[in-house]
Amino acid sequence: MAKFNESITFPSGSELKNRLMLSPMTTELSFFNGVITKDEIEYYVQRSKGLGAVITGAANVQDIGKGWPGELSIAHDEMLPRLSELAQAIQGEGAKAIVQIFHGGRMTSRATLSGEQTVSASAIPAERPDAETPRALSDEEVSETIQAFGEATRRAIEAGFDGVELHGANTYLIQQFFSPHSNRREDQWGGSLEKRYHFIEELLKSVFQAVETHATKPFIVGYRFSPEEFETPGIRFEETIWLMEQLRETKLDYLHLSLNTYDRVARSETYNEKSILEYVHETIQGKIPLVGVGNVRNRKDVESVLAHAELVAVGQQMLVDPEWAVKLLEGRDAEFVTKPFSEAYKDLYLPSPLYNFLDQRYGSTINI
């Protein structure tokens with residue numbers, strides 16, 4: 001049996017039937033208020049076949065954390081009926097259902113937030129075109145945000161999901177607290193590396209308290225992270241190694257590396273002889289399963305990732321080739337979609353919000 005078809009049991013006791021996961025991707029298919037649509041449910045049903053687990057696109061835990069139009073929300077109890085439908089639809093295809101929970105922080109806009117100013121660790125705008133200057137969260141608001149992640153976890157449990165993934169990657173709020181670029185605070189939430197980690201530490205306490213209080217069966221908690229930032233100051237790979245050393249000692253079920261290509265090498269002069277994936281895997285020391293990701297399109301890519309990770313998440317390929325996992329498991333490699341992504345998505349029927357999103361974004365890297 002190929003390694004990708006082996007089952008895996010997480011530290012929580014939850015088991016996946018194989019090592020293949022759907023990577024979380026932006027779809028813009030929810031209603032304006034974050035309620036899941038039928039089109040969104042169908043999108044996930046089509047891409048759940050053959051996988052061990054499906055990780056949904058980002059779901060905001062607070063209204064002020066909404067990152068873009070058409071984004072899924074898990075911020076209110078009124079969302080529970082449709083969230084439950086989504087979880088059941090994914091599970092109906094044999095995959096575990098994991099909802100990614102997040103807060104956009106400064107990576108959003110007043111237009112998306114109905115006129116509200118964006119928020120972050122500090123009042124520092126992102127280094128991107130037309131970036132708005134956020135308002136620094138007060139100490140009380142930081143605590144409320146941490147509690148909101150706990151409440152989102154409770155809702156995920158009540159909706160019947162098998163787990164949550166904390167979105168600590170792609171420059172969103174969790175990463176903003178860890179980054180020396182976006183976090184210039186001088187209180188308990190910022191300053192030293194340890195204080196910038198404090199937000200993550202308290203976040204994990206809130207989430208695991210919700211699991212302990214509300215879950216009646218094993219419940220998965222994963223954490224996604226980006227390995228380095230290009231800004232100065234910004235997160236350097238050495239700091240990510242330190243972060244991994246902290247997270248490997250927690251109760252997390254997996255760590256999920258966010259990369260656009262799985263064999264990428266760090267910019268660090270200290271860590272540039274092997275891939276980022278290899279260094280992270282070595283640092284974790286087998287204490288927590290690692291999920292590798294990034295431009296996985298075929299069997300060779302899967303095997304290359306699993307040489308330095310316990311699981312592999314597949315994004316763009318599954319978007320344009322919904323039954324890719326089934327083809328892989330059945331040895332139908334000749335049927336894989338091999339066209340460039342910029343062409344392949346045009347061959348599918350996709351709901352117009354998702355199609356339009358891809359049309360606007362495919363010149364650059366979409367969120368995988």
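The values are calculated or read from the model by the stated rules, or taken from the named source; none is laboratory data. Every value quoted in this text rests on a predicted model; they were computed, and no experiment measured them. Here the Cβ is made from the backbone with ideal geometry for all residues, glycine too, and neighbour counts use every protein chain on show. Side chains included, ligands, DNA and RNA excluded: accessible areas come from the protein's heavy atoms. Shrake-Rupley method; radii C 1.70, N 1.55, O 1.52, S 1.80 Å.
Mean separation of Cα pairs under 8 Å and 6 or more residues apart, divided by the residue count, gives the stretch 26-76 a relative contact order of 50 percent.
Does the chain come out rounded, prolate or oblate, given a ≥ b ≥ c as the square roots of the eigenvalues of its C-alpha gyration tensor, rounded meaning a/c under 1.5 and, failing that, prolate meaning a/b above b/c? List each step's numbers first, then the result.
Working: a/c = 1.34, a/b = 1.20, b/c = 1.11.
Judged from the Cα gyration tensor, the chain comes out rounded (a/c under 1.5).
Note on E6 and E201: their simple-model spin labels are 3.5 nm apart, each label 7 Å out from Cα toward Cβ. Taking every protein chain into account, the accessible area of the stretch 67-117 amounts to 35 square angstrom per residue (probe 1.4 Å). A dipole drawn for the stretch 78-172 from +1 and -1 charges on Cβ atoms has a positive end, and of A152, G105, L137 the residue lying farthest that way is G105.
Largest first, the three principal axis extents of the alpha carbons in the stretch 111-234 are 44, 35, 28 Å in whole numbers. Taking one quarter of the surface of the C-alpha convex hull of the stretch 67-139 gives a mean projected area of 6.7 nm². For the stretch 288-344, GluC sites (Glu not before Pro) are listed when DSSP marks them as loop and at most 15 other Cβ atoms sit within 10 Å of their Cβ; the list is E330. Placing a label point 7 Å from the Cα of K346 along the Cα-to-Cβ direction, the residues of the stretch 308-340 whose backbone N falls under 17 Å of that point are 320-321, 338-340. With coordinates expressed along the principal axes, the C-alpha atoms belonging to the stretch 230-310 extend over 38, 29, 19 Å, beginning with the largest. Loop-located trypsin sites (Lys or Arg not before Pro) in the stretch 87-155 (DSSP state not H, G, I, E or B) with no more than 12 neighbouring Cβ atoms inside 10 Å: R110.
Pairs K3/K205; K96/K327; K274/K300; K49/K339: which exceed 25 Å Cα-Cα? With Cα atoms farther than 25 Å apart: K3/K205. Using 16 Å as the cut-off for backbone N distance, which residues of the stretch 264-297 belong to the label zone defined by a point 7 Å from the Cα of R248 along Cα→Cβ? Of the residues in the stretch 264-297, 271, 275-292 have backbone N under 16 Å from the label point off R248. Each principal axis of the stretch 136-189 carries a Cα extent, and these read 39, 25, 14 Å when sorted largest first.
Work out how much length E269 to R110 would gain on full extension: take 0.36 nm times their residue separation and subtract the Cα-Cα distance, in nm to one decimal. Walk me through the intermediate numbers first.
Working: separation 159, 0.36 × 159 = 57.24 nm, distance 3.92 nm.
Gain on extension, E269 to R110, equals 53.3 nm.
Solvent exposure of V45, expressed as accessible area, is near 20 Å², computed with a probe of 1.4 Å over the protein chains only. The charge dipole of the chain, taken about the Cα centre with unit charges on the Cβ atoms of Lys, Arg (+1) and Asp, Glu (-1), comes to about 560 debye, rounded to the nearest 20.
Take each peptide in 166-177, 252-263, count the other Cβ atoms within 10 Å of every residue, and average; sorted highest first, the result is 166-177, 252-263. For the stretch 277-330, the carbon plus sulfur part of the accessible surface works out to 43%, probe radius 1.4 Å. Per residue, the average separation of C-alpha pairs within less than 8 Å and at least 6 apart gives the stretch 90-196 a relative contact order of 32 percent. Ellipsoid semi-axes for the stretch 276-368, based on the Cα gyration tensor and the rule √(5λ), read 27, 17, 10 Å when sorted largest first.
Got a number for carbon plus sulfur as a percent of the stretch 1-156's accessible area, 1.4 Å probe?
Details: 2750 of 5700 Å².
Roughly 48 percent of what the probe reaches on the stretch 1-156 is carbon or sulfur.
Evaluate Rg over Rh across the stretch 1-96, taking Cα atoms for both radii and Kirkwood's formula for Rh. Radius of gyration relative to Kirkwood radius: 1.02. With all protein chains kept in place, the per residue accessible area of the stretch 12-58 amounts to 28 square angstrom at a probe of 1.4 angstrom.
In the chain, helices alone account for a calculated mean residue ellipticity at 222 nm of -10000 deg cm²/dmol, with every DSSP H run of four or more residues adding -39,500 (n - 2.57).
Considering only the chain, what is the antiparallel percent among its DSSP beta bridges, to the nearest 5?
On the way: 2 of 36 bridges.
Among the beta bridges of the chain, antiparallel pairing accounts for roughly 5 percent.
Put simply, the convex hull of the Cα atoms in the stretch 275-318 casts, on average, a shadow of 2.9 nm². Remark on the stretch 109-171: hydrodynamic radius 13.8 angstrom, per the Kirkwood mean of 1/r across alpha carbon pairs. Accessible area per residue for the stretch 264-313 is 43 Å², calculated with a 1.4 Å probe on protein heavy atoms, without ligands, DNA or RNA.
Please say if the stretch 186-336 is rounded, prolate or oblate, where rounded means a/c under 1.5 for a ≥ b ≥ c the square roots of the C-alpha gyration tensor eigenvalues, and otherwise the choice is prolate for a/b larger than b/c and oblate otherwise?
Numbers: a/c = 2.30, a/b = 1.36, b/c = 1.69.
Note, shape of the stretch 186-336 comes out oblate.
Across the stretch 1-153, Cα pairs under 8 Å and at least six residues apart give a relative contact order of 20 percent.
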